[in-house]
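One structure is given here, and the rest of the page talks about it.
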Amino acid sequence: MGQSPSTTVLSSEFNRHQFYDFDFDFDFDLRNPINHDFTADLPDDCLAGIFSHLTTADRNRCSVVCRRWHRVDSQTRRRLSLNAKAELQDHLPAVFTRFESVTKLGLRCDRRSTSVNDEGLILISLRCVNLTWLKLRGCREITEAGMAAVGENCKALKKLSCASCVFGIKGINAVVSRCQGLEELSVKRLRGAHDGEEVVGSGTTSVTSVCLKEIVNGQSFAPLMIGSKRLRSLKVIGCLGDWDDTLEKIGNLHAALVDVHLEKIQVSDVGLVGLSKCLSLDTLHIVKTAECSNVGLNLVAENCRMLRKLHVDGWRTNRIGDDGLISVAKHCINLQELALIGIYPTSSSLEAIASKCKALERLALCGLNTVGDAEIECVANKCVALKKLCIKGCPISNVGIEALASGCPNLVKFKVRRCRKVTGMVVEWVREHRESLAFSFDNSDYEALNASQIDHDHAVNDMIALHRENEEVAAAAAAEASNGYNGLAMLRATFGFLANRSVVQSALRRWYNNDNVPAQ
């Protein structure tokens, strides 16, 4: 029965400055201090405050030290995570008799086990009426009946997170329709969602964050997202269906939306046009959305000028490039974080970003085949505020790394991954010239490339040696034939290389393995 890190809320009557008003009894035997309990004079609230800074493992150990520590831990623990296998169901009364103050509860069960059912969840909802945070993961025995009990008994619920559950849209509605104070909803891999069913949108004005991931009928949540007047964060990842119409309606109704994450969904520039109406947009992730192009990104950049974080993964479709990035550089001058993955920018767009986005602190360049040493030198010269930089799979060399280490005066963390032209020699150079910089270099690909080259050289040398040996054998056989020996010598000259077939096989094997190394 695992438990997650606890967070304890101290009593309002406790004041940390009262530490100095207590009269501690220091009259104990200094020759045998082990017999004295130094915590005996501490009040319970003070002891609970100490427990709140311990890890879960340490807190579990402390709870078995003595009855008082056990009592204080049980009464003040607010967060609890349980392995929700079916065997737990018989122990639920004892568990929640001990932890009577739980407000944050997590129930998880692996896919190969049977989880607690509706009866167990109903019991939990009756014991934890002050529950504000509930997370269900892999609880496949829970149906809409158990979720209805949660909605009926836990009116203070503010955050609901469920993953790999089977109670469908009916289970979500059972909670959303009853918990009017629900603020955050996260649903991942939900099963049991049928066509035609929708999450209720009326009366859910308190929802501020919605996260949907890998849901077949994700459009069922559209009424909830559109009807939530306080919606500020929206994440849609790997959900089927066309999301243009939904995003357009959200943009018309939710101008206060600040965080949007779109990944692996069917959305085009029409959806981005709808999001461009959210003038307060602060964070935007456009990840592997094949139909989005420079047109939609241009409109977002022109209208959402408060944008601070932008992640673009073009999925190598070449639909987002210089035009969109130049527009971002022109209008979003407060940009602080930028991640570019799988697109083809050139020096013109990178120079515009480096020149105009003076507040840029975090930059990631991954899989950009058009970014070389010249573009990196531009970043090094003009990104003065840059603090964190990650370069992965780009055709840069040691020259670009040295330029970055010499420039970017505020750079504190620098990662380089899978850049074949970068060698291990640059690591020592960076450490020598920039000691305070946390430089991380993954040279596994470089070592693999060197190993392949070494194998190739060995194979060539083996073949050269084999050729020379065969020439010597042929010359010796010819000499024997000229001296009157039988025709066996000629056979040796003709088939003498068979004696070295192991060398041939080794050489050919190395060549074959070298030619079939997959491209990184």
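Listed values, structure above:
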| item | result |
| --- | --- |
| Cα shape, region 156-196, gyration tensor, a/c 1.5 rule | oblate |
| P(r), alpha carbons of region 191-319 - 5 Å bins starting at zero, rounded % | 2, 11, 22, 26, 20, 11, 5, 2, 0 |
| Pairwise FRET efficiency - residue 129 versus residue 283, Cβ, R0 = 41 Å, nearest 0.05 | 0.70 |
| Residue-span extension gain [residue 41 to residue 245] - 0.36 nm each, minus C-alpha spacing | 67.0 nm |
| Equivalent ellipsoid semi-axes, region 92-206, via Cα gyration tensor eigenvalues times 5, rooted, Å | 21, 18, 11 |
| Full-extension gain in nm, residue 200 to residue 186, via 0.36 nm per residue minus C-alpha separation | 3.5 nm |
| Cβ-Cβ FRET estimate between residue 74 and residue 113, R0 fixed at 35 Å, reported to 0.05 | 0.85 |
| Where 254, 70, 53 fall by accessible area, highest first, once all protein chains stay in place (1.4 Å) | 53, 70, 254 |
| Largest-first principal axis extents, alpha carbons of region 125-173, Å | 25, 17, 17 |
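The values are calculated or read from the model by the stated rules, or taken from the named source; none is laboratory data. Everything quoted here is computed from the prediction, not taken from an experiment. Don't worry about glycine lacking a Cβ; one is built from the backbone with ideal geometry, like all the others, and counts go over all protein chains shown. These area figures cover heavy atoms from the full protein model, side chains too; ligands, DNA and RNA do not enter into them. Shrake-Rupley method; radii C 1.70, N 1.55, O 1.52, S 1.80 Å.
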